[in-house]
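These notes are about the structure you will find just below.
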């Protein structure tokens, strides 16, 4: 089925925290949108807040309703996690309905499933699907590609997240519980993907000043181990997260936090690419990781609507040139991007 000619961008999970940010940003850019999800009443209330936009109720167990959503949109942004539960029905509907697709998935197994299972359906439908396009996972994937650009003989790629003031939504809490309880984690070592139990350890990552070295949980089960090896030839990929992120009060008891409180998060995401003769690093830093996540997916959806490229399933840095994408995000004024001077090598 060919992609819809409609200019609409559908937001599934629109009434969640990230979905609201995505919908508001699209409206601010003058885009035609449709709000979608499971709760018709909540969708209509959000529509009223946004000045009256179309809504489409589509429970996860209603394939016909999900397909009907995809058939009326050019791009579908999937914001409703955990993607372990929600990913398959929405992605499948996008392919069946001929709609380009972007998701916020962090979960490794969903990301792997997208590449393993949805590649051929996407190509047959003539659509582009971009998975793991979010703050965690997506930012690291883009950074890794930008830092590694032009390097050869890469030994390892480490993406490191320093986060403070993180307040989990209900969906994010459920995702975190699933991730850290998973004993079949995906890792990438010795140039190959592995699945099995991984013993977490403490590591120290050398964030540049003013942050400085920080104790990290390593590895954390993020999607970079699936996405980065698709575009960076390396022997090892690992994601790390500051250990004190989960030691902060209210991280796991903040489902009812207001939007202003959630916006108070501070973050630095760094990518370190090590080669046989040294290596280099880059970073993105700013505030409000939720807004960063929303803007990342909005930028992706807007670009897909304008020029989807070749049909198939892609990692963020496969779908879009990494450095220009990050620079465009930086122009929004909320984040600072620091990348290595490649000409100095």
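Any idea what the relative contact order of the stretch 261-341 is, in percent, if you count C-alpha pairs under 8 Å spaced at least 6 apart?
Once divided by the residue count of the stretch 261-341, the mean separation gives 34 percent.
Which one of 119, 247, 174 has the biggest mean-square fluctuation once the chain is modelled by GNM with Cα springs under 10 Å?
247
If I take R0 = 25 Å and measure r between the Cβ atoms of residue 250 and residue 302 in this structure, what FRET efficiency does the formula 1/(1 + (r/R0)^6) give, to the nearest 0.05?
0.15
Given only helices, namely DSSP H runs of n ≥ 4 each adding -39500 (n - 2.57), what is the per-residue ellipticity at 222 nm of the chain, to the nearest 500 deg cm²/dmol?
Mean residue ellipticity, 222 nm, calculated: -10500 deg cm²/dmol.
Most fluctuating residue of 234, 139, 159 in a GNM of the chain with Cα springs under 10 Å: which is it?
Of 234, 139, 159, the Gaussian network model singles out 234 as fluctuating most.
Select from 163, 11, 130 the residue whose mean-square fluctuation is largest in a Gaussian network model of the chain (Cα-Cα springs shorter than 10 Å).
163
Contact order normalised by length for the chain, with contacts defined as Cα pairs under 8 Å and 6 or more residues apart; what percent is it?
The value is 21 percent.
Cα axis of helix 17-28 to longest principal axis of the chain: angle in degrees, 0 to 90, nearest 10?
That helix lies at roughly 70 degrees to the long axis.
Distance in nm between label sites at residue 275 and residue 189, each 7 Å beyond Cα in the beta-carbon direction?
According to this spin-label approximation, the distance is 2.6 nm.
So for the pair residue 330, residue 182, with labels modelled 7 Å out along Cα→Cβ, what separation do we get in nm?
It is 3.1 nm.
Using the per-residue mean of other Cβ atoms lying within 10 Å as a proxy for protection, in what order, highest first, do the peptides 90-98, 332-340 fall?
90-98, 332-340
Quick one: Debye curve from the alpha-carbon atoms of the stretch 222-299 only, equal weights, vacuum; give me log10 I(q)/I(0) at q = 0.17, 0.22 Å⁻¹ to two decimals.
Listed by q, the Debye log ratios stand at -0.90, -1.23.
Between the stretch 288-332 and the stretch 34-100, what is the separation of their alpha carbon centroids in Å?
The stretch 288-332 and the stretch 34-100 have Cα centres separated by 20 Å.
In the chain, what percentage of the DSSP-assigned beta bridges are antiparallel, given to the nearest 5?
If we restrict to bridges inside the chain, about 60 percent are antiparallel.
Could you give the semi-axes, largest first, of the ellipsoid that matches the chain, computed as the square roots of 5 times the alpha carbon gyration tensor eigenvalues and rounded to whole Å?
31, 22, 19
What percent antiparallel are the DSSP beta bridges of the stretch 49-205, to the nearest 5?
Counting only bridges with both partners in the stretch 49-205, antiparallel ones make up about 45 percent.
I'd like the orientation of helix 108-117 relative to the chain: the angle between its Cα long axis and the longest Cα principal axis, in ° from 0 to 90, rounded to 10.
Computed tilt is about 60 degrees.
Take the alpha-carbon centre of the stretch 242-257, take the same for the stretch 124-185, and report the distance between them in whole Å.
19 Å
What do you get for the angle between helix 83-97 and the principal long axis of the chain? Use alpha-carbon atoms, 0 to 90 degrees, nearest ten.
50 degrees
Using 0.36 nm per residue of separation minus the Cα-Cα distance, give me the extension gain between residue 48 and residue 204 in nm, one decimal.
51.4 nm
With an 8 Å Cα cut-off and a minimum separation of 6 or more residues, compute the relative contact order for the stretch 1-153 in percent.
So the answer I get is 23 percent.
Suppose R0 equals 25 Å; then what is the FRET efficiency for residue 40 and residue 258 from their Cβ-Cβ distance, rounded to the nearest 0.05?
0.55
Work out, step by step, the length gained on full extension between residue 170 and residue 243: first 0.36 nm times the residue separation, then minus their alpha carbon distance; give nm to one decimal.
Net length gain for the segment: 24.2 nm.
Each value in this text was obtained by applying a stated rule to the coordinates, not by laboratory testing. All values derive from a computational prediction rather than experimental measurement. Every residue, glycine among them, receives a Cβ derived from its backbone with ideal geometry; neighbour counts consider all protein chains shown.
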